[in-house]
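See below for the structure under consideration.
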Amino acid sequence: MLEQKNKLENIKLLYANKTSKDKIPENGLSILLEERMQFILTKEDRSEYKKAYLDLDFLRHKIQNKQQYFCVCGPAEMTKHIGQNLKTMAVEERFIILDDQ
């Protein structure tokens, strides 16, 4: 739907999982978002993925524009933690959307 409306140019996606065995939807999302997508693993080293934690330091390096929407999906504890880190970075609360699963 976003692709049809030409709305993908401003979307960047950081997609993190613990290991490569977790579901990683590389094909469809990679085709749509190209270089604006980065797959991240938090508990496994693999050459094709970045290994990192989505902590405050990581977010500070990745986020330059704080006047954009941040949609955070995942387990409740993780989304809460990332939301708090975004607020620490002076992202306005209206730009933070938390969808804990």
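The values are calculated or read from the model by the stated rules, or taken from the named source; none is laboratory data. These numbers come from a predicted model, not from an experiment. Neighbour counts run over all protein chains shown; Cβ positions are idealised from the backbone, glycine included.
Are any residues in the stretch 71-93 acidic (Asp, Glu) and in contact with a helix residue (DSSP H, G or I) (Cβ under 8 Å, 6 or more places away or on another chain), and if so, which ones?
Of everything in the stretch 71-93, just one residue is acidic (Asp, Glu) and in contact with a helix residue (DSSP H, G or I) (Cβ under 8 Å, 6 or more places away or on another chain), namely 93.
Please work out which residue is surrounded by the fewest Cβ atoms within 10 Å (Cβ to Cβ), limiting yourself to the stretch 29-53 and to residues that are outside any helix (DSSP H, G or I) and of a type in the set (Val, Ile, Thr).
42
Can you confirm whether residue 63 is among the β-branched types (Val, Ile, Thr), surrounded by 12 or more Cβ atoms within 10 Å (Cβ to Cβ) and at pLDDT 90 or above?
The answer is yes for residue 63.
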